[in-house]
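The structure under discussion appears below in the form of structure tokens.
The values are calculated or read from the model by the stated rules, or taken from the named source; none is laboratory data. Source: prediction; values computed, not measured. In this analysis, Cβ positions are derived from the backbone assuming ideal geometry, glycine residues included, and neighbour counts consider all displayed protein chains. Ligands, DNA and RNA are stripped out before the accessible areas are found, and what is left, the full protein with its side chains, is counted by its heavy atoms. Shrake-Rupley method; radii C 1.70, N 1.55, O 1.52, S 1.80 Å.
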Amino acid sequence: MSEPVTMMAAPMRLDYVFTPGVAQGKNMHGLERGVFIGQRCPKCKKVYTLSRGSCPTDGVPTDEIVELSNTGTVTTYCVVNVPFAGQSIELPYICAQILLDGANLSFMGLIQEIPAGEIRMGLRVEAVWVPPDELGPTMASVKYFRPNGEPDAAFETYKEYL
Amino acid sequence: MSERCAVIGIGQTVAKSKREDVSIAGLVREAVVMAVEDAGLTFADIDAVVVGKAPDMFEGVMMPELYLAGALGAVGKPMMRVHTAGSVGGSTAIVASHLVASGIHDRVLTVAFEKQSDSDAMWALSVPQPFSSPLLAGAGGYFAPIIRAYMHRSGAPRDVGMKVAVKDRLHALKNPYAHLHLPDISLQMVEDSIMLWDPLHYLESCPSSDGAAAMVIGSERAAAQAETDTGRRPAWIHGMAMRSEPTMFAGRDQVNPQAGRDCAADLYRQAGISDPRADFDMAEVYVPFSWYEPMWLENLGFCAEGDGWKLTEAGATSLIDGGDIPWNCSGGVLSSNPIGASGMLRFLETALQIRGEAGEHQVPDARRALGQAYGGGSQFFSMWVVAVDKP
Amino acid sequence: MSGFPALTSGHRPVGVVSFAQHDNVRRDGEHNDVEMLLPVIAEVFGNVGITKDDVGFICSGSTDYLVGGPFSFVGALDAVGVWPPRAESHVEMDGAWALYEAWVLLQEGEIDSALVYSFGRSSPGNLSEILALQLDPYYMAPLWPDPCSLAALQAQALIDTGRASEADFAAVAARARRSALGNPKAQLAYDRSPEELLREDYEVAPLRRHALPPLTDGCAAIVLAAGDRAYELCERPAFITGIDHRVETHALGARDLTRSASTTLAGQKAGVGKAGVDVAELHAPFAHQELILVDALGLADDVEVSPSGGALAANPIMSAGLIRIGEASTRIWSGLADRAVAHATSGPCLQQNLVCVLEGV
Ligand SMILES: [Zn+2]
């Protein structure tokens with residue numbers, strides 16, 4: 001009587017070519033220049049970062065391009081102690097939702113140059129970019145965010161973005 | 001013009017981290033055979049099959065229901081496959097119930113499953129996608145900041161989450177189907193577990209499970225027949241609702257999402273619920289991370305906004321402490337998480353309670369229960385109400 | 001308002017009142033999924049003068065493996081704008097089944113209209129490899145059989161019965177591509193004789209290039225409306241008088257590949273044979289499958305088959321079935337047909353099939 005088969009390996013590999021689309025293409029060209037790009041909805045006038053081309057609430061194209069600030073506010077965060085495949089960051093690291101000045105939507109970014117114990121909601125931060133010759137059409141152009149020394153933002157200024 | 005319908009058959013597998021003894025087909029087969037037999041039926045009696053699961057990448061099979069058609073007894077019948085992210089188990093039960101409520105079918109088999117151990121779910125959730133931020137840290141990394149926002153808004157003390165983690169694991173000890181059985185669970189044990197995503201400890205998070213859940217939904221006629229044949233009473237469906245909102249938009253309240261509140265309002269209107277805490281005898285709610293209990297207590301209207309943690313702290317949601325509104329008596333998602341099936345297990349457990357068949361985790365004289373599932377970035381909701389009395 | 005037709009399925013008349021589809025192209029390298037859907041959703045609402053806020057339910061169809069990432073349907077919702085929160089659902093199936101889910105809900109009478117849409121691209125990955133993952137994961141998928149080879153097995157089996165020949169496949173392909181010349185959304189249209197097509201080399205014998213569908217990026221949307229609401233939105237709604245779908249076993253060796261038992265059964269349940277059929281839009285990606293489907297549905301010789309060119313003219317994965325319902329409906333709206341049949345398929349070698357009968361009053 002042989003051992004029952006409990007597992008078989010069936011390796012698979014699939015390759016994909018992605019289409020960023022018009023809107024994400026514009027975002028990426030911004031990142032290539034070291035600038036965050038926002039897109040304004042013609043209907044509700046909200047400015048979306050990393051937009052995929054439509055206003056999520058109105059379902060209309062966000063055609064108007066807005067250059068956003070390099071600074072923003074930490075709206076909320078978590079401290080990560082779990083290693084993930086493909087992550088080369090030292091543990092623990094801080095994941096934060098960052099609301100760029102002039103934008104109406106936060107996005108998740110890495111915070112560095114502050115001890116994990118000092119991270120807080122309302123912290124003012126700025127983006128640190130890779131050196132100019134390494135800038136590319138990718139989010140990897142943003143190395144991380146760090147405190148920019150400004151006083152913390154009041155809760156009222158970002159409470160709608162939680 | 002909608003027809004009465006009820007849960008008339010229930011089946012589930014034991015949840016485990018790896019079910020190496022069965023194939024995917026073997027896993028779903030266990031649950032569906034149990035549900036069909038529980039209803040006193042054979043597969044020949046089933047009119048249609050509705051299948052649900054989370055992303056196909058969790059097993060590495062594209063649209064696996066096609067390959068499973070034979071194992072599900074679906075050959076020659078209508079078969080549908082639902083996918084609405086984490087809420088899918090609930091949505092699948094709802095789609096199946098509408099096939100009966102609309103008068104189209106009499107007996108519909110619904111099943112949801114996940115066999116995460118066949119692939120790598122963490123990888124599947126974090127497939128590197130170009131153009132998006134690379135800083136992914138799993139589901140916990142997504143939800144922990146939202147939990148922090150809740151703590152800030154409500155002023156809840158830090159140990160509320162840990163209390164939920166203990167309570168649900170104590171409940172799980174009474175459920176033989178639960179994945180995690182931690183007899184020594186205590187606040188200290190949760191606090192001593194590694195802080196994965198501050199403020200979430202390891203033991204405040206759900207496990208990864210293989211498992212399947214199945215139900216037979218029957219018409220009034222089918223329910224009467226099943227009750228005669230099996231002696232088991234039907235769990236009558238008094239309302240079902242689904243709501244979705246966008247993942248991200250300016251001004252979105254991720255702590256207390258509007259979609260959840262609207263879904264509950266629609267559901268309560270259908271079921272005639274005016275005071276959820278008083279009107280329900282128990283609830284099974286999708287709580288994959290401990291803090292989602294107080295958050296959903298508020299979202300589902302069991303208390304005023306900001307007060308959810310007070311109910312948890314007072315033991316109101318604990319079966320063991322004799323709370324007035326026990327939540328997740330099965331141990332919940334914190335104790336078993338076969339992702340695609342997790343939502344259906346919530347719905348299934350409410351039916352089990354209404355039929356008085358929950359065994360050790362039975363709420364005495366449970367007459368009306370709420371099942372809830374959510375998914376995505378808390379933007380997809382599905383809910384139902386089941387009760388002893390015919391609507 | 002002219003009353004409602006007799007129903008075989010359900011008890012509440014539900015009509016297709018609007019349809020829109022994207023241009024079907026080999027590769028849309030310019031737009032992402034949301035950007036492809038935006039104009040289609042705008043058009044399907046614009047056609048009948050309503051907005052997203054006017055429909056009571058939204059249901060979509062798509063599948064994750066086409067883009068290699070989980071939850072592709074989640075982002076696509078941004079093309080609709082589900083705010084305030086909406087009753088919404090998704091099937092990991094062709095949009096034709098999303099339409100079925102919406103039709104079921106409309107039967108209950110709480111809502112009067114629904115939006116259905118679907119999207120999918122063949123271009124990001126190698127579709128032949130991706131579709132191999134649809135097969136039994138233990139015995140078949142590890143061998144990576146491609147869909148054209150599986151279809152060729154079916155075609156050869158059909159030839160071996162003596163019921164069809166390669167010349168018949170060529171005749172189907174020639175007619176479909178000629179019909180497609182009149183379809184501005186078609187991707188592959190030409191006027192070539194069957195004799196000329198038969199001089200092509202085999203792709204996978206017995207299938208030559210003409211018998212295969214094109215690879216297509218695309219998306220489509222439909223608005224359904226029930227009862228009087230259908231007449232408010234459309235002069236001559238295409239009422240769904242019958243709709244049913246059935247699945248067969250996955251094991252190819254356990255099926256008679258030359259017949260489509262599930263199509264026959266679905267067609268009977270949907271009442272196809274209850275009256276004459278003017279036009280049938282069949283989702284037959286491979287030429288020989290049209291012959292199997294015509295046979296399975298018992299369509300008479302005078303039925304006009306796939307005047308749009310069908311899936312041989314454009315085969316946007318996950319939408320090609322929904323588009324058949326849309327195309328059949330346009331024939332009813334224009335009065336070119338009074339009774340139409342639309343069909344959708346899924347799975348290898350026609351494993352799962354949906355049949356929908358549409359009638360105008
Ligand atoms: Zn807007």
Simple spin-label estimate for C:GLU232 and A:ARG33 in nanometres, 7 Å along Cα-Cβ: 4.9
Cα-based equivalent ellipsoid of the protein assembly as shown: semi-axis lengths in Å, sorted from largest, via gyration tensor: 43, 34, 26
For A:LEU135, solvent-accessible area (1.4 Å; no DNA, RNA or ligand), Å²: 40
Selection from B:ILE8, B:LEU99, B:LEU196 lying farthest towards where the dipole of chain B points positive, charges on Cβ: B:LEU99
Threshold 30 Å² - residues in the stretch B:165-199 whose accessible area is reduced by that much or more when the chain is no longer isolated, probe 1.4 Å: B:LEU196, B:TRP197, B:ASP198
Approximate spin-label separation A:MET8-A:SER69, in nm, with each point projected 7 Å along Cα-to-Cβ: 6.0
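If each DSSP helix of 4+ residues adds -39,500 (n - 2.57) and the sum is divided by the residues in the protein assembly as shown, what number results at 222 nm, nearest 500 deg cm²/dmol?
Values: 27 runs with 267 residues, N = 914.
My calculation for the protein assembly as shown gives -8500 deg cm²/dmol from helical runs alone.
Once you average over the residues of B:376-387, how many Cβ atoms of partner chains fall within 10 Å of each Cβ?
2
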Rg/Rh for chain C, where both radii come from Cα atoms and Rh is the Kirkwood radius: 0.95
Solvent-accessible area buried by A and C, counting both chains, probe 1.4 angstrom, square angstrom: 2000
Alpha-carbon centroids, the stretch C:264-316 and the stretch C:93-128: separation in whole Å: 20
Spread of Cα-to-Cα distances over 10 Å intervals beginning at zero, given as percent, for the stretch A:21-161: 12, 39, 36, 13, 0
Size of charge dipole - the protein assembly as shown - debye, nearest 20, with Cβ of Lys, Arg +1 and Asp, Glu -1, no other charges: 480
Label-point separation in nm, C:ALA205 to C:ASP53, each point 7 Å along Cα→Cβ: 6.4
Nearest 10 degrees, 0 to 90: helix A:21-32 Cα axis against chain A principal axis: 80
Burial of 20 Å² or greater, the stretch B:1-17 residues [accessible area, probe 1.4 Å, versus chain by itself]: B:MET1, B:SER2
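Ignoring ligands, DNA and RNA, please state the percent of accessible area on the protein assembly as shown from carbon and sulfur, probe 1.4 Å.
Numbers: 15490 of 30200 Å².
Percent of accessible area from carbon and sulfur atoms in the protein assembly as shown: 51.
Taking a probe of 1.4 Å, how large is the accessible area per residue of the stretch C:37-108, in Å²?
Working: 1370 Å² over 72 residues.
Ligands and nucleic acids excluded, the result is 19 Å² per residue.
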Net dipole in debye of chain A [+1 Lys, Arg Cβ; -1 Asp, Glu Cβ; about Cα centre; nearest 20]: 380
Distance from the stretch A:1-63 to the stretch C:138-162 (C-alpha centre basis), Å: 36
Rounded to 10°, Cα long-axis angle of helix B:258-271 versus longest principal axis of chain B: 40
Residue among A:ALA9, B:ALA139, C:TYR231 farthest towards the positive dipole end of the protein assembly as shown, charges placed on Cβ: C:TYR231
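For the interface of B with A, what's the total buried accessible surface in square angstrom, probe 1.4 angstrom, rounded to the nearest hundred?
Values: alone 14870 and 10480 Å², together 22280 Å².
Protein heavy atoms only, the B-A interface buries about 3100 Å².
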Between B and C, accessible area buried - total, square angstrom, nearest 100, 1.4 angstrom probe: 4600
Protection proxy ranking of C:109-116, B:142-149 - average other beta-carbon atoms within 10 Å, highest first: B:142-149, C:109-116
Residue among C:ASP301, C:ASP244, C:ASP94 with the largest mean-square fluctuation in a Gaussian network model of chain C, springs linking Cα atoms under 10 Å: C:ASP301
GNM top mover of A:PHE36, A:PHE145, A:PHE18 - chain A, alpha-carbon springs below 10 Å: A:PHE18
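About the Cα centre, and with charges only on the beta carbon of Lys, Arg (+1) and Asp, Glu (-1), how big is the dipole of chain C? Nearest 20 debye, please. Numbers along the way, then the final one.
On the way: 25 positive and 46 negative charges, 88 e Å.
So the dipole magnitude of chain C works out to roughly 420 debye.
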Relative contact order, percent, chain C [alpha-carbon distance under 8 Å, six or more residues apart]: 26
Between 0 and 90°, nearest 10: helix B:220-230 axis offset from chain B longest Cα axis: 90
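Sum up the charges of everything whose Cβ sits under 13 Å from the Cβ of C:HIS283, counting Lys and Arg as +1 and Asp and Glu as -1, but leave C:HIS283 out. Present the calculation step by step, with values, prior to reporting the outcome.
Details: positive: C:ARG324; negative: C:ASP94, C:GLU281, C:GLU290, C:GLU327.
Residues close to C:HIS283 contribute a combined charge of -3.
Would you mind checking B:LYS174/B:LYS310; B:LYS16/B:LYS115; A:LYS159/B:LYS163 for any pair whose Cα atoms are more than 21 angstrom apart?
Numbers: B:LYS174/B:LYS310 25 Å; B:LYS16/B:LYS115 10 Å; A:LYS159/B:LYS163 27 Å.
Pairs exceeding the cut-off: B:LYS174/B:LYS310; A:LYS159/B:LYS163.
Just to confirm, what accessible area per residue do you get for the stretch A:21-161 at 1.4 Å probe, in whole Å²? All intermediate terms of the calculation are to be shown ahead of the outcome.
Details: 6090 Å² over 141 residues.
Spelled out: the 1.4 Å probe surface of the stretch A:21-161, per residue, equals 43 Å².
Accessible area per residue for chain B in Å², computed with a 1.4 Å probe and the full protein assembly in place, what is it?
Details: 11040 Å² over 391 residues.
Computed with neighbouring chains in place, this is 28 Å² per residue.
Net charge near C:LEU215: determine it from the other residues with C-beta under 15 Å of the C-beta of C:LEU215, scoring Lys and Arg +1 and Asp and Glu -1. Before the final figure, lay out each step's value.
On the way: positive: C:ARG26, C:ARG27, C:ARG121, C:ARG209; negative: C:ASP23, C:ASP28, C:GLU129, C:ASP146, C:GLU203, C:ASP217.
Here the charged neighbours net out to -2.
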Residues of the stretch B:220-245 buried by at least 10 Å² on assembly (accessible area, 1.4 Å probe, chain alone as reference): B:MET242, B:ARG243, B:SER244, B:GLU245
Cross-link reach list, lysines versus B:LYS77, counting only Cα pairs under 23 Å and skipping chain neighbours closer than eight places: B:LYS53, C:LYS269, C:LYS274
Alpha-carbon centroids, the stretch C:20-36 and the stretch C:193-238: separation in whole Å: 16
Most mobile of B:GLY52, B:GLY103, B:GLY161 in a GNM of chain B (Cα contacts under 10 Å): B:GLY103
Dipole of the stretch A:21-161 [Lys/Arg +1, Asp/Glu -1 at C-beta], most positive-end residue of A:TYR77, A:VAL125, A:THR57: A:THR57
Placed amide H near B:GLY52: partners under 5 Å, 5+ positions off or other chain: B:VAL82, B:VAL111, B:ALA112, B:PHE113
Charge tally in the Cβ shell below 15 Å around C:VAL80, where Lys, Arg are +1 and Asp, Glu are -1, C:VAL80 excluded: -4
